[in-house]
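The values are calculated or read from the model by the stated rules, or taken from the named source; none is laboratory data. The structure displayed is predicted, hence computed values, not measured ones. We place every Cβ from the backbone using ideal geometry, glycine too, and count neighbours over all the protein chains shown. When the accessible area is computed, the model is the full protein with side chains, heavy atoms only, and any ligands, DNA or RNA have been set aside. Shrake-Rupley method; radii C 1.70, N 1.55, O 1.52, S 1.80 Å.
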Amino acid sequence: MKSLAFLQQRSVNLAIVIAMIAVAVAVTQPAFTGVGNIRNILLDITIITVMAATQVLVVITGNFDISIGATTGLSAMSAGIVLQNVGDFPAILVFVISIGVGLLVGIVNAILVITIQIPSIILTLGMLSVIRGVTFYVAGGSQVNTEDVPESIISLSQSGPFGVPWLVVIAALIALALGVFARSTSTGRNLYALGSNPKAAALQGLPVKRLLFLVFALSGASAGLAGAFYLSRFGFVQVNAGLGLELTVIAAVVVGGASVFGGVGGVAGAALGCLLLGVIGNAFAILGISQYWQDFAYGTIILLAVVADAVLNRSRARGVNGVRA
């Protein structure tokens, strides 16, 4: 209950920070809070939102999936190569191919994490390099160009109900569904138990291997979905697609209240973390601030969030052990 109260307070604080940034930028650039710009911000964060919604589940179990950025690139490239060779076909098949490639990577990650039992951050870092190599091989020195991507895919990022692009709608529905799953199902609650104390979870008979398989498979599938989003959003794919996305996603998850030590976090907080990074990135662009300073701001936010998490984790540990602060 204390963790839930902490996350609710963290979400409120994030919402206040986002509002303060928006007001501060709008004072000098009124167009920042215009409908068109808000639409752009929401569209820009769709890719990281679908990835963060599952990455937070991985982090809750006390693990990390560092391969998601590379998986997104491979998925987008794979679907794009099929489009190049087969031509126009229904958008749903692009999603099926992209998600299928991501799911396959996620299953391989899950099997390796469960069987080899080395820290997932190390294992998936190695997988990141493997996937990058596979992407170069699949691309064969070429790239997927705009003329290879059918209008049915592009239109998903340009139109939708009430002027809201379909990508935004899909990302919001996925975040909502995973948020309910994490908080309102026994499997979701078991993820928190596993992350809080893996040894105790195993002794209590929780299906530890099945839970790890689930979160890594979901993480891979969502990275694959992000690949389809990438094709729709940008209309082309290069071999370095998705480069660095994993750091942005993990930043959003940590800023959103997930503990790097496991057991604490939520999809709503991760989504707000994505929105915060999106607002900051858009504000920097409108104000004409260099990309270098944007990277500096992201890094500072991550460091502050991690330090705050470490302090809170020590505080929680003292509380459990009955040691006075």
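Could you grab me the full set of residues in region 90-147 that are outside any helix (DSSP H, G or I) and open to solvent by less than 40 Å² (accessible area, probe 1.4 Å)? Within region 90-147, just Val144 meets the criteria. On the stretch given as region 23-51, residues that are part of a helix (DSSP H, G or I) and open to solvent by 20 Å² or more (accessible area, probe 1.4 Å) total 16.
Out of everything in region 68-89 that is touching a residue at least 12 places away in the same chain (Cβ under 8 Å) and surrounded by fewer than 18 Cβ atoms within 10 Å (Cβ to Cβ), what residue ends up being farthest from Ile170 (Cα to Cα)? Applying the filter and picking the extreme gives Gln84. Among residues of region 28-44 that are closer than 16 Å to Val164 by Cα, those with a beta-carbon under 8 Å from a residue that is hydroxyl-bearing (Ser, Thr, Tyr) at least six positions away or on a different chain give the pairs Leu43/Ser157.
I'd like to check something: does region 73-88 contain any residue that is at pLDDT 95 or above, out of contact with any Gly (no Cβ under 9 Å at 6 or more places or on another chain) and assigned to a helix (DSSP H, G or I)? The answer is no; no qualifying residue exists.
Report whether or not Asp309 is charged (D, E, K, R), without any contact (Cβ under 8 Å) to a residue 60 or more places away in the chain and farther than 30 Å from Ala139 by Cβ. Yes.
Where helices (runs of 4 or more DSSP H) sit wholly within region 168-256, those with at least 2 residues that are crowded, with 24+ Cβ neighbours inside 10 Å occupy 186-196, 208-234, 245-255. Within region 213-240, restricting attention to residues that are under 19 Å from Ser98 (Cβ atoms) and either β-branched (Val, Ile, Thr) or in contact with a Phe, Trp or Tyr (Cβ under 6 Å, 6 or more places away or on another chain) (or both), the residue that is modelled with the highest pLDDT is Ala228.
Take Val260 and decide whether it is part of a loop (DSSP other than H, G, I, E, B), more than 17 Å from Ser75 (Cβ to Cβ) and not small (Gly, Ala, Ser). Yes; evaluated as a whole, the condition is true for this residue.
Can you name every residue in region 279-298 that is under 19 Å from Val255 (Cβ atoms) and either among the charged types (D, E, K, R) or assigned to a loop (DSSP other than H, G, I, E, B) (or both)? Scanning region 279-298 gives a single hit, Asp295.
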